[in-house]
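Trainee: Have a look at the structure that comes next, please.
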Amino acid sequence: MRILLTGCTGFVGSALGPRLVAEGHELYCVCRPGTSITFGTKVAWDGTTPIDQASFPKTIDIVVHAAQSRRYRNFPADSREMFDVNVNMTMRLLDWAARAAAKHFCLLSSGAVYEPFTGVLREDAALAPSGFLGASKLASEIVAKPFSSVFSLSILRLFFPYGPGQYDRLIPQLIRRIRDGEAIQLSGGTEGIRLAPTFIDDIVDVILASIASSWTETLNVASSEMLSIRQIANMIAQQLGVEPKFEIVNANTPPVDIVPDLGRLASRLELRRFVQFKDGLQRTMATSPLDAPDHRPAESQHRA
């Protein structure tokens, strides 16, 4: 099939792209002008300007929209880029996909749409994200849904992807801090936040399944293995052969659980096949240079 992938130089896209090529698909990789790629056919576009029809393929079977803004930490300074990439870029792609006779559109969203993470994180919950990242990702979902009358649409809400080659996100940051002897902050109690780190290979498998079977719903994508920050830190420290240091902060604030409901995903895939965190962590630490800077462009790494 002819597949257009955005975010091909980001963490998820750079893992997904080679798998699509290996499966025999004709892959078009959207990336910023001046960016080099090692797989597929390059399509230069930064996502903030109208699509140049001449540089895009005339027809396409599937679009996988994995790009998201690399700037999300500083609000309101980062809000314009978040909106341009997360919302405007999505709208331009949806419009182009309809004109290019696409059969399926896979939108990668984020668990951030559930912020402030109260109650059960179910796909059918009424949402009003408290952060601008979550708000912009939810806006992209809302914009996309009417296009389900034009092509099949799957929306995948990713939770805490990690794995080899990732920098400047939760797991690599914890690895670095523990290795350097820095204290790990635990908010709201002795265990800290509880969450679902999800190995990159499993996320890629879910995306491949969603496009192969043309899923038509919104799904949480996460491992069923829920771990606290203390548990994660202890596993990292064990592999490093050091003793972790902890600091309790916001002790009077109830701890946050970022635990998605996985009922829909479990109806599609066998969750026991997902990589256990201990194994994924070992693979990550064996192959990742921890001090490498993160220079990824707008095609960035998804976070919850």
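Trainee: Within the chain, what is the number of lysine pairs with alpha carbons under 25 Å apart, leaving out pairs fewer than eight places apart on the same chain? Walk me through the numbers before you get to the answer.
Mentor: Values: LYS42/LYS58; LYS42/LYS103; LYS58/LYS103; LYS58/LYS145; LYS103/LYS137; LYS103/LYS145; LYS137/LYS145; LYS245/LYS278.
Number of lysine pairs found: 8.
Trainee: Let me ask you something else. Of all beta bridges DSSP finds with both residues in the range 142-287, what is the antiparallel percent, to the nearest 5?
Mentor: 15 percent
Trainee: With axes computed from alpha carbons, what is the tilt in degrees of helix 89-99 against the longest principal axis of the chain, rounded to the nearest 10 within 0 to 90?
Mentor: Here the helix axis deviates by roughly 30 degrees.
Trainee: Provide, in order from the shortest bin, the percent of all Cα-Cα pairs of the range 4-62 in each 5 Å bin, continuing until the bin that contains the maximum pair distance.
Mentor: P(r) over the range 4-62, rounded to whole percents: 4, 19, 32, 25, 15, 4, 0.
Trainee: Take each of the peptides 46-52, 132-138, average the number of other beta-carbon atoms within 10 Å over its residues, and list them starting from the highest.
Mentor: Those peptides, ordered most packed to least, come out 132-138, 46-52.
Trainee: Counting only DSSP beta bridges with both residues in the chain, what percent are antiparallel, rounded to the nearest 5?
Mentor: Antiparallel bridges: around 5 percent, rounded to the nearest 5.
Trainee: Quick one: what do you get for the range 83-199 if you divide its Cα Rg by 2.2 N^0.38 Å?
Mentor: Normalised by 2.2 N^0.38 Å, the Cα Rg of the range 83-199 equals 1.30.
Trainee: Can you pull the semi-axes for the chain, root of five times each eigenvalue of the Cα gyration tensor, sorted largest first, whole Å?
Mentor: After diagonalising the Cα gyration tensor, the semi-axes are 32, 21, 19 Å.
Trainee: For the range 11-168, what is the percent of antiparallel DSSP beta bridges, rounded to the nearest 5? Kindly include the intermediate steps, with their values, before the conclusion.
Mentor: On the way: 0 of 15 bridges.
In the range 11-168, approximately 0 percent of DSSP beta bridges are antiparallel ones.
Trainee: Taking the highest mean first, how do the peptides 196-205, 231-240 order by number of other beta carbon atoms within 10 angstrom per residue?
Mentor: Ranked from most to least packed, the peptides come out as 196-205, 231-240.
Trainee: Kindly express, to the nearest 10 degrees and within the range 0 to 90, the angle between helix 277-287's C-alpha long axis and the longest C-alpha principal axis of the chain.
Mentor: 80 degrees
No lab work stands behind these numbers, since they all come straight from the coordinates. The structure presented is a predicted model; accordingly, all values stated were derived computationally and were not measured. Cβ atoms come from the backbone with ideal geometry, glycine included; neighbour counts cover every protein chain shown.
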